[in-house]
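Just below is one structure, and these are the notes that go with it.
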Amino acid sequence: MLRFRDAFTTPVFVGAPFRPSEKRVNWRRMQSAALAVMALIFVGSAALAASGGNDKASIIEVLIRWAPLLLWGFLFNLLISILSMALGTALGVPLGIMQMSPLWPLAKAARFVTQVFRNAPWLVMLFICVMLLPFQFRVFGFLIPFPDWVKAVVGFALPAMANVSEIVRGAVRSVPTGQWESSESLGFSRIQSMLQIILPQCIKRMLPPWMNLYSLITMATVTASVVGVNEMLTITSQVHAAEGSRPELMAPLYSFALLCFFVYSYPIGKWTEYLERKYQVKD
C-alpha cells in the first residue's frame, strides 16, 4: 500500500516524454530538385527558341559568347562583398566591445548604433549611401572620385558592422566568467584581458556566424543593380537587351547568375556547418 510520504519519492510513469521531431532536412534531395528545375528551364527555353526558327543563336551559344562578361560581373559582386565584410568587421569588432564597456554612456551609444543599423532594411541603407554621399571629395585641392560601387560597399558595410557587433558581443558573453576572474588574479587589466585572453577564445565561436553573414552579404550584392552599380545582374539585363530581348533567353541568363552564386555560396554554407560542429561549445 502506497503511503503518503512515498508519493514524494516513488517515481510515477505517466508515459513517454515528449520529444521534438528528429527529422532533418534532406539537403541532397533539395539540391537535386533545384538542379532539375534549372534543367527544365534550359530545356523549355531551348524548345521555345527552336520553335522561333533557326536564324538566331542558340541558348548555349549565347551563354558561351557572354560568359566572360557575366563572370566579370560576378567577380565584381565578390569584390563588393569582400570589401563590405572587411570594412564591416573592422568597424564591428570595436563596436561590439564598446557595447560591454563599464562606461554606461559609451555602452548605450554603441548599443543604439548597433540596433539602428542591424534592424534597418539593407536596401534602404544602400539607397541612402548612394543618393546622399557625394560623388567626389576635395582633399588639399585634389578631387577624389567616389564612385557608386564604393558607396555600395559602404551601404553593405553598415549592416555588416552591426551584425558583427552582435556576433562579438554574444561570443564574449559566452566565455565563462572564470576566465575574467583568472585574468584579474594574474594582474591583467580589463583591456589586456579582453585582447589577450577573451577575444582569442572567441574566434572559433565567431567564425561560423561570421561566415554565414558573409554569404548573406554576397547574395545581397545583387540589389546594387537597383542603384545603378554595374554588377552581374545589371550586366545580365544588358546582355538580354543586346540579344534583342528574346523571351527564351531570360530564364537561362538569370539561371546562369543563380548558378554562379549557388556554386560560390554553397561550399561556404557546408564549411560553416562543419565549423559549427567542430567548434561546438559544450557546457
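All of the numbers you see were taken from the coordinates with simple rules; none came from a lab. Only a predicted model underlies this, so the values are computations on that prediction, with no experimental measurement involved. Here Cβ is always computed from backbone atoms with ideal geometry, including for glycine, and neighbour counts include all displayed protein chains.
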Peptides 220-229, 238-247 ordered by average Cβ neighbours within 10 Å, highest first | 220-229, 238-247
Loop-resident sites, region 220-283, for trypsin sites (Lys or Arg not before Pro), counting at most 14 other Cβ within 10 Å (DSSP) = K282
Select from region 243-283 those chymotrypsin sites (Phe, Trp or Tyr not before Pro) which occupy a DSSP coil region and have at most 14 other Cβ atoms within 10 Å, ordered by residue number.
-> Y279
Say each of L78 and F140 gets a label point 7 Å from the Cα, pointing the same way as Cα to Cβ; how far apart are those two points in nm?
-> 3.6 nm
With R₀ set to 22 angstrom, the calculated FRET efficiency between the beta-carbons of K108 and M131, to the nearest 0.05, is 0.15
Yeah, region 116-186 with a ≥ b ≥ c from its alpha-carbon gyration tensor (a/c under 1.5 is rounded, else prolate when a/b outruns b/c, oblate otherwise) is oblate
For region 239-283 and region 80-130, distance of Cα centres in Å | 27 Å
